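Note sheet for the following structure.
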Amino acid sequence: MMTLMDIRSETTPAYKILAPKVWESAVVFASPHSGRDYSNTFKGQSILDPVTLRSSEDAYVDQLIDYVPEFGAPLLLAHAPRAFVDLNRSADELDPAIVNGAQTRGQNPRISSGLGVIPRVVANGRPIYRGKIPMQEAKDRLRTYWRPYHDALLCLLKAAKLRHGYSVLIDVHSMPHDAVSSPSKLVTPPEIVIGDRHGSSASRALVEEVEACFANAGLKTARNTPFAGAFITQHYGRPSANQHAIQIEIDRGIYLNEAQVAPSDRFTETREKLLQAVEGIARLGAPELPLAAE
(Lines give C-alpha, C1' and ligand atoms only; values in the text may rest on other atoms or scores of the structure.)
Protein backbone atom coordinates (compact mmCIF):
# COMPACT_ATOMS: atom_id res chain seq x y z
CA MET A 1 0.00 0.00 0.00
CA MET A 2 1.31 3.43 -0.96
CA THR A 3 1.99 5.61 2.05
CA LEU A 4 2.42 9.31 2.53
CA MET A 5 6.15 8.77 2.96
CA ASP A 6 6.88 6.79 -0.20
CA ILE A 7 4.78 8.51 -2.89
CA ARG A 8 6.87 9.28 -5.96
CA SER A 9 6.19 10.74 -9.34
CA GLU A 10 5.39 7.73 -11.51
CA THR A 11 4.52 6.98 -15.12
CA THR A 12 2.94 3.77 -16.41
CA PRO A 13 1.10 2.95 -19.65
CA ALA A 14 -2.16 3.74 -17.85
CA TYR A 15 -1.38 6.87 -15.85
CA LYS A 16 1.07 9.43 -14.57
CA ILE A 17 1.35 10.63 -10.96
CA LEU A 18 2.81 14.09 -10.43
CA ALA A 19 3.87 14.00 -6.79
CA PRO A 20 4.65 16.96 -4.54
CA LYS A 21 8.06 17.26 -2.93
CA VAL A 22 6.27 17.19 0.41
CA TRP A 23 2.74 15.73 0.51
CA GLU A 24 1.02 18.05 2.97
CA SER A 25 -2.58 18.07 1.74
CA ALA A 26 -5.39 15.56 2.20
CA VAL A 27 -6.59 16.54 -1.27
CA VAL A 28 -5.93 14.33 -4.30
CA PHE A 29 -6.49 15.87 -7.73
CA ALA A 30 -7.19 13.68 -10.77
CA SER A 31 -7.97 14.05 -14.47
CA PRO A 32 -9.38 10.80 -15.93
CA HIS A 33 -10.46 12.16 -19.33
CA SER A 34 -7.53 14.27 -20.56
CA GLY A 35 -5.53 11.32 -21.91
CA ARG A 36 -4.53 11.67 -25.55
CA ASP A 37 -2.42 8.59 -26.30
CA TYR A 38 -4.28 7.53 -29.44
CA SER A 39 -2.54 4.41 -30.73
CA ASN A 40 -2.30 3.77 -34.45
CA THR A 41 -4.26 0.56 -33.88
CA PHE A 42 -7.15 2.43 -32.28
CA LYS A 43 -7.14 5.17 -34.91
CA GLY A 44 -7.20 2.46 -37.56
CA GLN A 45 -10.23 0.83 -35.93
CA SER A 46 -12.19 4.08 -35.85
CA ILE A 47 -14.21 5.49 -38.72
CA LEU A 48 -13.72 9.03 -37.38
CA ASP A 49 -11.13 11.59 -38.39
CA PRO A 50 -8.52 12.41 -35.71
CA VAL A 51 -10.12 15.68 -34.58
CA THR A 52 -13.62 14.23 -34.27
CA LEU A 53 -12.24 11.25 -32.38
CA ARG A 54 -10.95 13.72 -29.77
CA SER A 55 -14.26 15.56 -29.38
CA SER A 56 -15.24 13.89 -26.09
CA GLU A 57 -11.75 14.29 -24.60
CA ASP A 58 -11.18 16.72 -21.71
CA ALA A 59 -8.50 18.25 -23.88
CA TYR A 60 -5.52 19.83 -22.10
CA VAL A 61 -7.07 19.76 -18.64
CA ASP A 62 -3.83 18.09 -17.54
CA GLN A 63 -1.91 21.18 -18.67
CA LEU A 64 -4.41 23.55 -17.05
CA ILE A 65 -3.66 22.09 -13.61
CA ASP A 66 -0.16 20.61 -13.86
CA TYR A 67 1.04 22.91 -11.05
CA VAL A 68 -0.99 20.99 -8.44
CA PRO A 69 2.11 19.41 -6.79
CA GLU A 70 3.43 22.89 -5.98
CA PHE A 71 0.68 23.09 -3.36
CA GLY A 72 1.51 19.85 -1.57
CA ALA A 73 -1.02 17.59 -3.32
CA PRO A 74 -0.62 14.78 -5.88
CA LEU A 75 -2.10 14.87 -9.38
CA LEU A 76 -3.17 11.65 -11.13
CA LEU A 77 -3.41 11.86 -14.93
CA ALA A 78 -4.76 9.21 -17.30
CA HIS A 79 -2.94 8.40 -20.55
CA ALA A 80 -5.69 6.51 -22.39
CA PRO A 81 -8.24 8.67 -24.22
CA ARG A 82 -11.85 8.63 -23.12
CA ALA A 83 -13.00 7.35 -26.53
CA PHE A 84 -10.85 4.24 -25.95
CA VAL A 85 -11.83 3.46 -22.35
CA ASP A 86 -13.88 5.65 -20.01
CA LEU A 87 -12.39 5.70 -16.53
CA ASN A 88 -15.47 7.48 -15.17
CA ARG A 89 -17.61 4.37 -15.69
CA SER A 90 -17.86 1.15 -13.75
CA ALA A 91 -15.86 -1.72 -15.23
CA ASP A 92 -19.09 -3.69 -15.71
CA GLU A 93 -20.81 -1.00 -17.80
CA LEU A 94 -20.19 -2.91 -21.02
CA ASP A 95 -22.35 -2.01 -24.00
CA PRO A 96 -23.78 -5.03 -25.91
CA ALA A 97 -24.09 -2.81 -28.98
CA ILE A 98 -20.31 -2.42 -29.23
CA VAL A 99 -18.73 -5.29 -27.20
CA ASN A 100 -19.40 -8.69 -28.71
CA GLY A 101 -20.86 -11.01 -26.06
CA ALA A 102 -21.63 -8.33 -23.46
CA GLN A 103 -24.87 -8.92 -21.58
CA THR A 104 -27.63 -6.38 -21.12
CA ARG A 105 -27.81 -5.32 -17.45
CA GLY A 106 -31.16 -3.62 -16.98
CA GLN A 107 -31.76 0.01 -17.90
CA ASN A 108 -28.54 2.03 -17.88
CA PRO A 109 -28.87 5.42 -19.61
CA ARG A 110 -25.12 5.77 -20.07
CA ILE A 111 -24.88 2.44 -21.89
CA SER A 112 -28.05 3.15 -23.86
CA SER A 113 -26.56 6.42 -25.12
CA GLY A 114 -23.33 4.70 -26.17
CA LEU A 115 -21.26 5.99 -23.27
CA GLY A 116 -20.36 2.83 -21.40
CA VAL A 117 -16.89 1.95 -20.16
CA ILE A 118 -15.96 1.12 -23.76
CA PRO A 119 -17.67 4.00 -25.57
CA ARG A 120 -19.60 3.40 -28.75
CA VAL A 121 -19.83 7.10 -29.66
CA VAL A 122 -18.04 10.39 -29.11
CA ALA A 123 -19.64 13.81 -28.65
CA ASN A 124 -22.96 14.40 -30.42
CA GLY A 125 -23.56 10.67 -30.75
CA ARG A 126 -21.06 10.06 -33.57
CA PRO A 127 -20.17 6.34 -33.84
CA ILE A 128 -16.54 5.39 -33.28
CA TYR A 129 -16.56 1.98 -35.03
CA ARG A 130 -18.21 0.24 -37.97
CA GLY A 131 -19.03 -2.87 -35.96
CA LYS A 132 -18.38 -4.52 -32.61
CA ILE A 133 -15.09 -5.22 -30.86
CA PRO A 134 -14.26 -8.64 -29.33
CA MET A 135 -14.95 -9.19 -25.64
CA GLN A 136 -11.28 -10.09 -25.10
CA GLU A 137 -10.21 -6.70 -26.43
CA ALA A 138 -12.59 -4.95 -24.01
CA LYS A 139 -11.17 -7.01 -21.14
CA ASP A 140 -7.62 -6.15 -22.21
CA ARG A 141 -8.42 -2.44 -22.12
CA LEU A 142 -9.88 -2.77 -18.63
CA ARG A 143 -6.90 -4.80 -17.40
CA THR A 144 -4.26 -2.54 -18.94
CA TYR A 145 -5.78 0.89 -18.36
CA TRP A 146 -8.94 0.95 -16.20
CA ARG A 147 -7.76 -1.18 -13.28
CA PRO A 148 -4.27 0.33 -12.88
CA TYR A 149 -5.72 3.84 -12.90
CA HIS A 150 -8.29 3.04 -10.23
CA ASP A 151 -5.77 1.07 -8.17
CA ALA A 152 -3.51 4.14 -8.15
CA LEU A 153 -6.39 6.46 -7.26
CA LEU A 154 -7.50 4.22 -4.40
CA CYS A 155 -3.95 4.05 -3.05
CA LEU A 156 -3.58 7.83 -3.13
CA LEU A 157 -6.87 8.35 -1.32
CA LYS A 158 -6.12 5.70 1.30
CA ALA A 159 -2.69 7.19 1.93
CA ALA A 160 -4.19 10.66 2.38
CA LYS A 161 -6.78 9.34 4.80
CA LEU A 162 -4.17 7.36 6.71
CA ARG A 163 -2.26 10.55 7.43
CA HIS A 164 -5.07 13.06 7.90
CA GLY A 165 -8.06 11.00 8.95
CA TYR A 166 -9.98 12.04 5.84
CA SER A 167 -9.44 12.39 2.11
CA VAL A 168 -10.74 14.76 -0.56
CA LEU A 169 -10.84 13.82 -4.25
CA ILE A 170 -11.10 16.66 -6.74
CA ASP A 171 -11.95 14.97 -10.04
CA VAL A 172 -11.35 17.50 -12.82
CA HIS A 173 -13.15 17.43 -16.17
CA SER A 174 -14.17 19.80 -18.94
CA MET A 175 -17.56 20.28 -20.57
CA PRO A 176 -18.69 21.51 -24.00
CA HIS A 177 -19.58 25.17 -23.98
CA ASP A 178 -22.98 24.30 -25.48
CA ALA A 179 -23.80 22.34 -22.31
CA VAL A 180 -23.90 25.54 -20.25
CA SER A 181 -24.53 28.30 -22.79
CA SER A 182 -27.86 30.03 -22.44
CA PRO A 183 -30.12 31.17 -25.29
CA SER A 184 -30.87 34.23 -23.17
CA LYS A 185 -28.13 36.83 -22.90
CA LEU A 186 -29.67 37.84 -19.58
CA VAL A 187 -28.41 34.62 -17.99
CA THR A 188 -24.68 34.31 -17.37
CA PRO A 189 -23.58 30.71 -17.88
CA PRO A 190 -21.29 29.09 -15.30
CA GLU A 191 -17.63 28.57 -16.10
CA ILE A 192 -17.25 25.90 -13.43
CA VAL A 193 -19.84 23.28 -12.48
CA ILE A 194 -19.26 21.61 -9.11
CA GLY A 195 -20.76 18.13 -8.79
CA ASP A 196 -21.34 16.37 -5.48
CA ARG A 197 -24.14 14.08 -6.65
CA HIS A 198 -26.62 16.41 -5.01
CA GLY A 199 -24.95 16.26 -1.62
CA SER A 200 -24.19 12.54 -1.44
CA SER A 201 -20.47 12.46 -2.31
CA ALA A 202 -19.04 15.26 -0.13
CA SER A 203 -19.91 17.30 2.93
CA ARG A 204 -21.88 20.47 2.33
CA ALA A 205 -19.32 22.59 4.18
CA LEU A 206 -16.49 21.30 2.01
CA VAL A 207 -18.41 21.91 -1.22
CA GLU A 208 -19.13 25.47 -0.12
CA GLU A 209 -15.43 26.03 0.56
CA VAL A 210 -14.46 24.62 -2.84
CA GLU A 211 -17.04 26.80 -4.55
CA ALA A 212 -15.68 29.85 -2.73
CA CYS A 213 -12.17 29.08 -4.00
CA PHE A 214 -13.36 29.26 -7.60
CA ALA A 215 -15.45 32.36 -6.96
CA ASN A 216 -12.50 34.11 -5.32
CA ALA A 217 -10.47 33.34 -8.46
CA GLY A 218 -13.05 35.19 -10.56
CA LEU A 219 -14.81 32.13 -11.98
CA LYS A 220 -18.60 31.82 -12.17
CA THR A 221 -19.92 28.62 -10.61
CA ALA A 222 -22.98 26.39 -10.49
CA ARG A 223 -23.72 23.14 -8.68
CA ASN A 224 -24.82 19.80 -10.12
CA THR A 225 -26.39 21.24 -13.27
CA PRO A 226 -25.90 20.00 -15.91
CA PHE A 227 -23.34 17.58 -14.43
CA ALA A 228 -23.57 16.18 -10.89
CA GLY A 229 -20.86 13.52 -11.10
CA ALA A 230 -20.74 9.95 -12.39
CA PHE A 231 -19.04 6.72 -11.36
CA ILE A 232 -15.94 8.21 -9.74
CA THR A 233 -17.75 10.58 -7.37
CA GLN A 234 -20.37 7.93 -6.62
CA HIS A 235 -17.77 5.22 -5.96
CA TYR A 236 -15.22 7.19 -3.95
CA GLY A 237 -17.42 9.72 -2.18
CA ARG A 238 -18.33 8.53 1.35
CA PRO A 239 -18.77 11.63 3.51
CA SER A 240 -19.94 9.54 6.48
CA ALA A 241 -16.53 7.82 6.36
CA ASN A 242 -14.64 11.11 5.88
CA GLN A 243 -14.03 10.31 2.21
CA HIS A 244 -15.16 13.21 0.04
CA ALA A 245 -15.32 13.30 -3.77
CA ILE A 246 -16.16 16.36 -5.85
CA GLN A 247 -16.34 16.60 -9.63
CA ILE A 248 -15.21 19.81 -11.31
CA GLU A 249 -16.34 20.62 -14.86
CA ILE A 250 -14.57 23.47 -16.66
CA ASP A 251 -16.32 25.18 -19.57
CA ARG A 252 -14.20 24.46 -22.65
CA GLY A 253 -15.26 27.81 -24.03
CA ILE A 254 -12.96 29.63 -21.61
CA TYR A 255 -9.75 27.88 -22.64
CA LEU A 256 -10.21 25.76 -25.77
CA ASN A 257 -10.93 26.11 -29.48
CA GLU A 258 -13.42 23.25 -29.51
CA ALA A 259 -13.62 22.92 -33.30
CA GLN A 260 -9.86 22.42 -33.58
CA VAL A 261 -9.34 20.78 -30.15
CA ALA A 262 -6.53 23.25 -29.48
CA PRO A 263 -5.79 25.74 -26.68
CA SER A 264 -7.39 29.12 -27.34
CA ASP A 265 -5.99 32.58 -26.66
CA ARG A 266 -7.70 32.46 -23.24
CA PHE A 267 -5.82 29.36 -22.14
CA THR A 268 -3.17 31.17 -20.09
CA GLU A 269 -5.70 33.48 -18.43
CA THR A 270 -7.89 30.54 -17.41
CA ARG A 271 -4.88 28.55 -16.21
CA GLU A 272 -3.87 31.42 -13.92
CA LYS A 273 -7.37 31.68 -12.45
CA LEU A 274 -7.48 27.95 -11.86
CA LEU A 275 -4.08 28.13 -10.18
CA GLN A 276 -5.51 30.48 -7.58
CA ALA A 277 -8.50 28.20 -7.02
CA VAL A 278 -6.36 25.03 -6.83
CA GLU A 279 -4.05 26.63 -4.27
CA GLY A 280 -7.02 27.41 -2.06
CA ILE A 281 -8.53 23.96 -2.45
CA ALA A 282 -5.25 22.22 -1.62
CA ARG A 283 -5.09 24.22 1.59
CA LEU A 284 -8.57 23.01 2.53
CA GLY A 285 -6.96 19.62 2.94
CA ALA A 286 -4.30 20.86 5.33
CA PRO A 287 -4.09 19.00 8.66
CA GLU A 288 -5.18 22.03 10.65
CA LEU A 289 -8.63 22.03 9.01
CA PRO A 290 -10.47 18.83 10.00
CA LEU A 291 -13.69 18.08 8.17
CA ALA A 292 -16.38 16.38 10.21
CA ALA A 293 -18.65 13.97 8.40
CA GLU A 294 -22.25 15.00 8.03
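Of all the listed residues (Ala202, Ala228), the sole one being part of a loop (DSSP other than H, G, I, E, B), without any contact (Cβ under 8 Å) to a residue 40 or more places away in the chain and surrounded by 17 or more Cβ atoms within 10 Å (Cβ to Cβ) is Ala228.
Conditions (1) modelled with pLDDT of 95 or more; (2) closer than 28 Å to Gln260 by Cα; (3) out of contact with any Lys or Arg (no Cβ under 6 Å at 6 or more places or on another chain), marked per residue:
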{"residue": "Glu10", "(1), (2), (3)": "no, no, yes"}
{"residue": "Tyr15", "(1), (2), (3)": "yes, yes, yes"}
{"residue": "Val27", "(1), (2), (3)": "yes, no, yes"}
{"residue": "Pro32", "(1), (2), (3)": "yes, yes, yes"}
{"residue": "Tyr38", "(1), (2), (3)": "yes, yes, yes"}
{"residue": "Lys43", "(1), (2), (3)": "yes, yes, yes"}
{"residue": "Ile47", "(1), (2), (3)": "yes, yes, no"}
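Yes/no per residue for (1) closer than 17 Å to Ala138 by Cβ; (2) surrounded by 21 or more Cβ atoms within 10 Å (Cβ to Cβ); (3) touching a strand residue (DSSP E or B) at 6+ places or on another chain (Cβ under 9 Å):
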| site | (1), (2), (3) |
| --- | --- |
| Lys16 | no, no, yes |
| Val61 | no, yes, yes |
| Pro69 | no, no, yes |
| Arg105 | yes, no, no |
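Checking region 180-198 against the condition returns no match, with no residue being touching a strand residue (DSSP E or B) at 6+ places or on another chain (Cβ under 7 Å), surrounded by fewer than 18 Cβ atoms within 10 Å (Cβ to Cβ) and of a type in the set (Gly, Ala, Ser). Counting only residues that are surrounded by fewer than 20 Cβ atoms within 10 Å (Cβ to Cβ) and either assigned to a strand (DSSP E or B) or aromatic (Phe, Trp, Tyr) (or both), region 205-225 holds 3 of them.
Only one of the numbered conditions (1) free of Cβ contacts under 8 Å to residues at least 24 places away in the same chain; (2) not in a helix (DSSP H, G or I) is not met by Ile194, and that is (1). Kindly indicate whether Ala91 is more than 12 Å from the chain's Cα centre (by Cα), over 21 Å from Glu279 (Cα atoms) and not in a strand (DSSP E or B). Considered against the rule, which asks whether it is more than 12 Å from the chain's Cα centre (by Cα), over 21 Å from Glu279 (Cα atoms) and not in a strand (DSSP E or B), Ala91 comes out as yes. In the condition set (1) in contact (Cβ under 8 Å) with a residue 24 or more places away in the chain; (2) at negative phi; (3) in contact with a Lys or Arg (Cβ under 8 Å, 6 or more places away or on another chain), Gly218 is compliant with all but (2).
Only one of the numbered conditions (1) surrounded by fewer than 22 Cβ atoms within 10 Å (Cβ to Cβ); (2) in a loop (DSSP other than H, G, I, E, B); (3) out of contact with any Ser or Thr (no Cβ under 7 Å at 6 or more places or on another chain) is violated by Thr144, and that is (2). Yes or no: Gln260 assigned to a loop (DSSP other than H, G, I, E, B) and modelled with pLDDT of 95 or more? It is true that Gln260 is assigned to a loop (DSSP other than H, G, I, E, B) and modelled with pLDDT of 95 or more. Residue count for region 248-278 under the criterion of being surrounded by fewer than 19 Cβ atoms within 10 Å (Cβ to Cβ) and of a type outside the set (Phe, Trp, Tyr): the result is 16.
Okay, residues lined up against (1) of a type in the set (A, V, I, L, M, F, W, C); (2) in contact (Cβ under 8 Å) with a residue 12 or more places away in the chain; (3) more than 29 Å from Gln260 (Cα to Cα):
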{"site": "Leu87", "(1), (2), (3)": "yes, yes, no"}
{"site": "Glu93", "(1), (2), (3)": "no, yes, yes"}
{"site": "Val99", "(1), (2), (3)": "yes, yes, yes"}
{"site": "Asn108", "(1), (2), (3)": "no, yes, yes"}
{"site": "Gly116", "(1), (2), (3)": "no, yes, no"}
{"site": "Gln136", "(1), (2), (3)": "no, no, yes"}
{"site": "Ala152", "(1), (2), (3)": "yes, yes, yes"}
{"site": "Gly165", "(1), (2), (3)": "no, yes, yes"}
{"site": "Ser174", "(1), (2), (3)": "no, yes, no"}
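Filter region 27-53 for residues that are charged (D, E, K, R) and in contact with a helix residue (DSSP H, G or I) (Cβ under 9 Å, 6 or more places away or on another chain); which is surrounded by the fewest Cβ atoms within 10 Å (Cβ to Cβ)? Step by step, filter region 27-53, then rank; the result is Lys43.
The values are calculated or read from the model by the stated rules, or taken from the named source; none is laboratory data. Owing to the predicted nature of the structure, the values given are computational and were not obtained by experimental measurement. Every residue, glycine as well, gets a Cβ built from its backbone with ideal geometry; the counts of neighbours run over all protein chains shown.
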